[in-house]
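Laboratory data are not the source of any read-out in this text; all were calculated from the coordinates shown. Keep in mind that what you see is a predicted model, and the values were worked out from it rather than measured.
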């Protein structure tokens with residue numbers, strides 16, 4: 001696995017090729033990933049009120065009829081949520 005001679009090993013790949021290099025590279029990059037990440041919740045209240053209709057309740061009552069409709073609306077609302085959260 002990881003021993004002293006692997007620690008000085010450099011590689012053109014920033015994540016390294018051995019287990020040891022991968023561990024060190026990931027711990028070096030994790031703080032910058034955390035800064036760039038934003039956790040977004042699911043907009044469940046929007047799914048429960050679509051022009052006065054509760055798509056979640058309709059799905060639970062008749063999944064065969066409403067699953068495509070709900071999944072399409074979920075994709076749309078999640079796309080809107082991610083588009084609004086994107087910072088350029």
Q. Fully extended, how many nm does the chain gain between residue 56 and residue 83 (0.36 nm per residue separation, minus their Cα-Cα distance)?
A. 7.4 nm
Q. With the contact rule set at Cα under 8 Å and sequence spacing of 6 or more, what percent relative contact order holds for the range 44-85?
A. 29
Q | Cα-derived Rg over Rh, computed across the range 44-85 with Rh taken as Kirkwood radius | A | 1.01
